[in-house]
Structures are given as structure tokens and as C-alpha cells.
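So the structure is just underneath, and the comments pick up after that.
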Amino acid sequence: MTAIPDFAAIKAMDAADGLRAMRERFILPPGLIYLDGNSLGVASNAALDELQRAATVEWGQDLIRSWNTAGWFDMPLALGDRVGRLIGAAAGQTVICDTTSINIYKALHAAIALRPDRSVIVSEGGGFPTDIYMAEGVLSMRPGASLRLEGVDAPNIEELIDGDVAVVLVNHVSYKSGELHDMAALTRKAHENGALVIWDLCHSAGALPVDLDGANVDFAVGCTYKYLNGGPGAPAFIYAATRHHGDIRQPLSGWWGHARPFAFEKHYVAGQGIRRFLCGTQPILSLRALKGAIDLWDEVDMVALREKSVRLTDLFISLVEAKCGAYGLNLESPRDGAKRGSQVSFGHPNSYEIMQALIARGVIGDFRAPSTMRFGFTPLYVSYADVWHAVVTLEEILRTGAWQDARFAVRAAVT
């Protein structure tokens, strides 16, 4: 059994952390331990500086001229390439736009259009619900098409892929358990059966190295407000491999995706390449905040980031099981760090109440129904000491039964 480190060893781990200086670039309220970056990332000083300039100077003073003078018009493509670097995509294959849900809808339609002789979408029964909801919306527009779900129609997603499948929509990292799929292997399995793949990267972009081009992925989508720290509701991204660009057809044919948007022509003509996935006017203030957030990533070694992520999550699991093992917590994430994203989930019948008690004491994670506590570990600003203090607080809440206070059972709209 691995020895559990004491607090002196924890402090030594922080002292040796090559990413520790990054913490100072973020705005962290004093006394707060933030383990919810897998839901909403922390604001950086750079993001707020960009937002301030965009609001007060570019909008406040330069007004509409800023579409040209401040580069507003090209931001979805310019930022797309910068996010693309973090997900293993060569330039020209990623664009920032819309929301993850909308981009899933566009990608599903595009993939099915590339496989017109097939009628099946495969996804995960335990995947993030919006993926299923958007798939159902696509099916409602395509009579005769059907949806197969892992955990419903077969135990494993690989068993559902055959010659009738047009597209597989799958989460790279499970939003609930943190389990990490083998991107290259599953993509290869789909291609061997003639199907295309859309990877949902919401819980992996900015959390671990991703190699879309190396894995020969067809399409990918993801958000920028979690590990990329772009801000609440920050625009999402969509990736399409260059080999598909000439044949992309997506149903939201808005003017920003037009080949000549300012020619104001009467009929739609698709633009070139990844621009075809654009739809309407993009939220410039949000894009500028995202630009500031992305600027930090130019200094980040993704291999070092992943190594720290695994160490943080391994430490959390070992400490929770050592200090809280007598209180009915059940590990719901893979124990092997190589098979886990940058989050850890524990189950308990009173997970909601326990999480509310933690939040009241300054340790912020979140709850996912019916009984999961999620803890996200963003290596850029989470320290090993944060992990130690979070577990000490959790143990005290469980030992004293503090979570049984009636106020912690009141359900809020957002959990």
C-alpha cells in the first residue's frame, strides 16, 4: 500500500511544482479552494484585461470600426487555430462559434450528409445529456433514422458500430465519472466500419493533451469555459478534418458562413473550409475574454500539465480513501490515472448535502444527479495543499455529520 503523504510532503510537492507560478495569474478569492474548473474555470487577469479593453476602447470609443481595426471579424478563425493547437489540430480546421449543443447539431448533420446511405447515430447512454438531446433533434428531421445508445442497446459502444452506422458521437472524458476513452482506438473502429466520429472534448480540452489529427478524427466539438477558462457561456469550438472541408453541409446556413457575407446576395453560397460552420454574428466581448484566457496557454507545456493533473487526482483519491473511507464514499472514477481525465467523482447517498456543506466552508466542487460529487482539478491554479485542505474539510463534515443541517438539503436551480 502506498504511504499517504503528510502535510510537510504536500508542501514539498508544491515547492517543486513547475506550474506553480501560473496560479498568480488567476483571480482566486482568499480562503477559497476551487475544485470546479471542470464546470466553470477561474477568471485570469489577462482575460479581464482583454474584456476591459474590448468594452471601454474598442466598443466604447471605436464602435463599429473595430470590426476591422481590432480584428473582430476574423477572431473566430484566429482563436480557432489557437485552440486547435491545444487539441492537436493543424491550422484551418477549428473555429470558435456558438455553443457546444449547436455545434453538435451542425456536426451531426454534416457527418450524416457524408454518409447518405446510412441511417444510424451511435452515442452513449451515460454521456452528457445535451449530446443525446441534439441527436434526437437531428433524428426528428430525418425519417427512418435511429439512435443506438451504449448502456441501453449494448454494454459497450464498440458493439454498436456496424455497416448501418453513419456517425458515432462520443465524449472523450465522461462528464460524470471522468473516464477517458481511447480516441485513436475508437476512431479506428468506426472507420473500419465506414462510420465517421464526432468527439465531444468539453472535459478534455485544456485538461490533457489531445491529438485530433494524429488520431485521424473526423469532427470534434467542445466548450471553452471549463479548463480553458474563457468565462461563463464563452463560445464553443468545432473541428473538422481538412479532408472533409469540400463536402461539408450543415443546416444552419447563416450569413457569417457565406462565401461573401458583405455582398448581401439573395441565396446562400458556403464559404471555404472550416468557415462553413459559422452561422451568425459572434459575441465579441466573450471572444475577447477568451483571447486573454488563451494567451496564457502559449506558456503551458501540455505534458507537464497532464503529469500534474494525474498527481493531483491520485493524491485526492488516496487522501479521501485514507481519511474518509469509513463514511460510505464510493469511488466512481477510474483508479488508474492514465484512464481518467482531470476530475474525480465519489458517490454517496447524501452527495448533494455533503457538497453543499463543503461549499459553505469554502471548498467548491459540484453535484450531479442522482448521487455524484465531482471534483475538478485544474493544474494551472490548483495546488497540492488545496487537495490536502479539501480532504481535511470533507473528513470533518462527514465525521461530525455537519452535512445533516437542513439548509444543505435545499436544492438550488444549478447543482
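Within the stretch 305-331, residues that are without any contact (Cβ under 8 Å) to a residue 24 or more places away in the chain reach partners that are part of a helix (DSSP H, G or I) and surrounded by 17 or more Cβ atoms within 10 Å (Cβ to Cβ) with beta carbons closer than 6 Å, at six or more positions or on different chains, in the pairs D314/G337.
When the test is whether a residue is outside any helix (DSSP H, G or I), open to solvent by less than 20 Å² (accessible area, probe 1.4 Å) and farther than 24 Å from L287 by Cβ, A205 does not pass it. Within the stretch 208-258, if we keep just the residues that are open to solvent by less than 10 Å² (accessible area, probe 1.4 Å) and farther than 17 Å from V95 by Cβ, the residue that is nearest to the chain's Cα centre (by Cα) turns out to be Y227.
Out of P251, P232, which single residue is over 30 Å from G347 (Cα atoms) and part of a loop (DSSP other than H, G, I, E, B)? Don't jump to the end; show me each part of the working.
Values: P232 fails: over 30 Å from G347 (Cα atoms).
Being over 30 Å from G347 (Cα atoms) and part of a loop (DSSP other than H, G, I, E, B) holds for just one of P251, P232, which is P251.
Among the residues of the stretch 244-293, count how many are among the acidic types (D, E) and closer than 17 Å to L108 by Cα. Number satisfying all stated conditions: 1.
Quick one: which residue in D117, D98 is in a loop (DSSP other than H, G, I, E, B) and either in contact with a Pro (Cβ under 7 Å, 6 or more places away or on another chain) or touching a residue at least 24 places away in the same chain (Cβ under 8 Å) (or both)? Walk me through it before giving the result.
Details: D117 fails: either in contact with a Pro (Cβ under 7 Å, 6 or more places away or on another chain) or touching a residue at least 24 places away in the same chain (Cβ under 8 Å) (or both).
Going through D117, D98 in turn, just one is in a loop (DSSP other than H, G, I, E, B) and either in contact with a Pro (Cβ under 7 Å, 6 or more places away or on another chain) or touching a residue at least 24 places away in the same chain (Cβ under 8 Å) (or both): D98.
Of the residues making up the stretch 29-44, those that are in contact (Cβ under 8 Å) with a residue 60 or more places away in the chain and over 20 Å from V344 (Cβ atoms) are G31, A43, S44. Per the conditions (1) surrounded by fewer than 17 Cβ atoms within 10 Å (Cβ to Cβ); (2) under 20 Å from the mean Cα position of the chain (by Cα); (3) part of a helix (DSSP H, G or I), the sole criterion not satisfied by L79 is (1).
Looking at (1) in a loop (DSSP other than H, G, I, E, B); (2) in contact (Cβ under 8 Å) with a residue 12 or more places away in the chain; (3) aliphatic (A, V, I, L, M), which is the one condition that is false for V167? Just one mismatch for V167, condition (1). Selection within the stretch 137-164: residues that are among the hydrophobic types (A, V, I, L, M, F, W, C) and not in a helix (DSSP H, G or I). The member of this set that is surrounded by the most Cβ atoms within 10 Å (Cβ to Cβ) is I161. Candidates are the residues of the stretch 1-15 that are assigned to a helix (DSSP H, G or I) and without any contact (Cβ under 8 Å) to a residue 40 or more places away in the chain; the one that is nearest to the chain's Cα centre (by Cα) is A15. When the stretch 120-140 is filtered for residues that are without any contact (Cβ under 8 Å) to a residue 24 or more places away in the chain and either farther than 22 Å from L186 by Cα or in contact with a Phe, Trp or Tyr (Cβ under 8 Å, 6 or more places away or on another chain) (or both), the ones remaining, listed by number, are E136, L139, S140.
Search the stretch 170-195 for residues being among the hydrophobic types (A, V, I, L, M, F, W, C) and in a helix (DSSP H, G or I), and hand back the single one that is surrounded by the fewest Cβ atoms within 10 Å (Cβ to Cβ).
The first filter runs over the stretch 170-195 and keeps only residues among the hydrophobic types (A, V, I, L, M, F, W, C), leaving 170, 173, 180, 183-186, 190, 195.
Still in the list and also in a helix (DSSP H, G or I): 183-186, 190.
Working: M183: 23, A184: 13, A185: 11, L186: 20, A190: 24.
Restricting to residues being among the hydrophobic types (A, V, I, L, M, F, W, C) and in a helix (DSSP H, G or I), the top hit is A185.
For the stretch 261-274, the condition holds for no residue, the condition being that it is in contact with a Phe, Trp or Tyr (Cβ under 8 Å, 6 or more places away or on another chain) and among the polar types (S, T, N, Q). I'm trying to understand the selection: among the residues of the stretch 16-28, which are without any contact (Cβ under 8 Å) to a residue 24 or more places away in the chain and more than 27 Å from Y175 (Cβ to Cβ)? Answer for the stretch 16-28, where residues must be without any contact (Cβ under 8 Å) to a residue 24 or more places away in the chain and more than 27 Å from Y175 (Cβ to Cβ): A16, A21, E24. Candidates are the residues of the stretch 90-125 that are under 16 Å from the mean Cα position of the chain (by Cα) and open to solvent by 10 Å² or more (accessible area, probe 1.4 Å); the one that is farthest from R148 (Cα to Cα) is D98.
What residue, among those in the stretch 277-299 that are small (G, A, S) and over 15 Å from C223 (Cβ atoms), is least open to solvent (accessible area, probe 1.4 Å)?
So in the stretch 277-299, the residues small (G, A, S) come out as 280, 286, 289, 292-293.
Restricting the remaining residues to those that are over 15 Å from C223 (Cβ atoms) gives 280, 292.
On the way: G280: 22, G292: 0 Å².
The selected residue is G292.
Looking at L19, L51, which is the one that is touching a Pro at 6+ places or on another chain (Cβ under 6 Å) and either polar (S, T, N, Q) or farther than 24 Å from K323 by Cβ (or both)? Talk me through it step by step, then tell me what you get.
Values: L51 fails: touching a Pro at 6+ places or on another chain (Cβ under 6 Å).
It is L19.
The values are calculated or read from the model by the stated rules, or taken from the named source; none is laboratory data. None of the values given here were measured: they were computed from a predicted structure. Backbone-built Cβ (ideal geometry, glycine too); neighbour counts: all protein chains shown. Side chains are part of the model used for accessible areas, which takes the heavy atoms of the whole protein and leaves out ligands, DNA and RNA. Shrake-Rupley method; radii C 1.70, N 1.55, O 1.52, S 1.80 Å.
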